[in-house]
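To start, the structure under review is shown below, and the notes come after it.
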Amino acid sequence: MSRPLRVIIAKAGLDGHDRGAKVIARALRDAGMEVIYTGLFQTPEQIVQTAIQEDADGIGLSILSGAHMTLFPLIVEQLKAQGAQDIVFFGGGTIPPEDADELRRRGVQAIFTPGAPLSEIVSFVEHECGKRRELVG
Amino acid sequence: MNDTDAGAALLRQFEARSPRGLARAISYAESGRGAQLIRHLFARTGRSMTIGLTGPPGVGKSTLSSALVRKARSLGKTVGVVSVDPSSPFSHGALLGDRIRLTEHFTDSGVFIRSMASRGHLGGLAGATADAVLLMDAFGLDVILIETVGVGQSEIEIAELAHTTIVALQPGSGDSIQVLKAGIMEVADVFVVNKKDHPMANQLKREIRSMMEMLDFSGWVPELVMTQATSGEGIDELWAAIENHVAYLQKSGEMAEKRLEAFTHQVRQLALGHLQRKLERELRSKVAEGIDPYAAADRVLQSFGVTPEGGDEPIRPPHVRASVKGLM
Ligand SMILES: Nc1nc2c(ncn2[C@@H]2O[C@H](COP(=O)(O)OP(=O)(O)OP(=O)(O)O)[C@@H](O)[C@H]2O)c(=O)[nH]1
Ligand SMILES: [Mg+2]
């Protein structure tokens, strides 16, 4: 029996807009994944604990508040601290290209900026989370 | 790593009480590889108090769960939550959103929350729900809450699996009355009228009472509690009702029956799963046009070595204790 991929879609910090996150969540669901939505205003610790308990293959974080340079690295750190680097970590939002490059260097696997086609996000998640699944079973 | 090595490593992680171990163990069970783990851990189960929570969409089940978790934590108990949402029958994907109401417990190391998709399982519970409950039990969690949307069969299944079944209803919605009519009265151990801040709350309470009067209960008579899950009002009373029910089960000796029922439920699920797969194969290979459906069914059954039985006695689920007055 093959299990569908499981992905956390999270919103962190003081950012009350979750339209984009919900669009991504639905697209992943329609691609056959189980999407766990955490709701707004989550701390990095809450997000990582959720991913561990849910045995998620990936975490997608949406940030529109401008706090991406603090929040993304905090999650990378939390994942390391919990020995959970196997979980794929990606994100999106209003993030300038130079910040996106810096975040990728600091361990975020992919950053999608507004206008990125949904199909690109879905195939990234399928591919990377699929690799994680092959590794851990 | 082969499956046996991976299984052994997982067992070590589980025994070290690592939440990752529990999380991975549930995934194992979900992919149909749970047999070995459960075999190792089964002797350690039977200690948790299990509470089922069902009711129509949006009635406040997850908000109630969160309030019950808070209550149980204030009593020093560790808690597991399993919440089941339906999978999409088209994509097999699912949006699992019950966690939104449980955020205050995410970083509490005494709380473990797992969302499950029903994955097309018939009864509304996920196929591996019973395994998840056993694993949480073996992990040492004191209280296990199981949330499921009340549609059709799921309330029957949850009543089999949980020691105490809470049916949550809300005022001012036709859904709740439909649920009552659909036979859910008979499986509830505790009724909750949630959203008691709603002007029609007392009316719903009266409706439930009058429906209860039409039933004969053998033994336990369901308690009815009014709550406002968002503010925590009525949660102490709800917890007391749950404890009363557990005390009743213990005193009356029905707890043993309840445990056997949960056990039987799981055995039935496992056996039915195998039979269903076998049946599907037979259906594909044996069913051809040209004979009538009864003859075709006989042929399929014969290939299982089963002689079709006559008889039309209703199959009455064992956990239904109430009956409509004057009917039985
Ligand atoms: N006014 C009022 N609203 C409530 C109460 N309890 C829950 N709600 C609200 O009802 C809505 C649904 O609550 P949930 O806890 O998600 O309901 P649910 O039954 O788990 O929903 P599903 O899992 O989608 O079936 C939320 O907006 C809650 O804030 C209450 O006591 N009073
Ligand atoms: Mg819910």
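The separation of segment A:12-39 from segment B:230-276, counted between C-alpha centres, amounts to 34 Å. Looking at segment A:61-105, the pairs of alpha carbons with a distance over 16 Å make up 34% of the total. Each of the peptides A:55-65, B:270-280, A:20-30 was scored by the mean count of other Cβ atoms within 10 Å over its residues; in descending order, highest first, they stand as A:55-65, A:20-30, B:270-280. Between the C-alpha center of segment B:16-77 and that of segment A:43-97 there is a gap of 25 Å. Contact with the other protein chains removes 10 Å² or more of accessible area, compared with the isolated chain and a 1.4 Å probe, from these residues of segment A:1-22: A:1, A:3, A:4, A:6. Computed packing ranks the peptides B:244-252, B:130-138, A:71-79 as B:130-138, A:71-79, B:244-252, most packed first, by mean other Cβ atoms within 10 Å. As a calculated quantity, the FRET efficiency between residue B:274 and residue B:252 at R0 = 30 Å, using C-beta atoms, amounts to about 0.30. By the Stokes-Einstein formula, at 1.002 mPa s and 20 °C, segment A:1-91 with its Kirkwood radius over alpha-carbon pairs has D equal to 164 µm²/s. If you wrap the tightest convex hull around every Cα atom of the protein assembly as shown and split its volume per residue, you get 177 Å³. Within 10 Å of the Cβ of each residue in A:129-137, the mean number of Cβ atoms contributed by other protein chains is 2.
Shielding value for A:29-41 is 6, the average number of Cβ atoms from other chains within 10 Å of each residue's Cβ. What segment B:45-252 shows is 36 Å² of accessible area per residue, with the surface traced by a 1.4 Å probe over protein heavy atoms.
If the Kirkwood radius is taken over C-alpha pairs of chain B, then at 4 °C and 1.567 mPa s the Stokes-Einstein diffusion coefficient equals 61 µm²/s.
Peptide B:28-34 has a mean shielding of 3, counted as Cβ atoms of other protein chains within 10 Å of each residue's Cβ.
Run the reach check for residue B:278 against aspartates and glutamates, Cα to Cα strictly under 16 Å, same-chain hits fewer than 8 apart removed. What comes back? Leaving aside aspartates and glutamates fewer than 8 places away in the same chain, those within reach of residue B:278 are B:298. Residues whose amide H falls under 5 Å from that of residue B:52, counting only those 5 or more places apart or on a different chain, are B:146, B:163, B:164, B:165, B:166, with hydrogens built in the peptide plane.
Report note on the peptides B:25-37, B:212-224: ranked by the mean count of other C-beta atoms within 10 Å, highest first, their order is B:25-37, B:212-224. Residues with beta-carbon under 11 Å from that of residue A:131, excluding residue A:131: net charge, scoring Lys, Arg +1 and Asp, Glu -1? Taking every other residue near residue A:131 into account, the sum is -3.
Structure remark: mean-square fluctuation, Gaussian network model of chain B, C-alpha springs under 10 Å; the largest value among B:264, B:63, B:165 belongs to B:264. Of the accessible area of the protein assembly as shown, computed with a 1.4 Å probe over protein heavy atoms only, carbon and sulfur atoms account for 54 percent.
For residue B:309 and residue B:15, a Förster radius of 56 Å and the Cβ-Cβ distance give a FRET efficiency of 0.75, rounded to the nearest 0.05.
The values are calculated or read from the model by the stated rules, or taken from the named source; none is laboratory data. Computed from a predicted model, the values in this text were never measured in an experiment. A quick note on method: Cβ atoms are made from the backbone with ideal geometry, for glycine too, and the neighbour counts reach across all protein chains shown. Areas reflect the complete protein model, heavy atoms only, side chains present, ligands, DNA and RNA absent. Shrake-Rupley method; radii C 1.70, N 1.55, O 1.52, S 1.80 Å.
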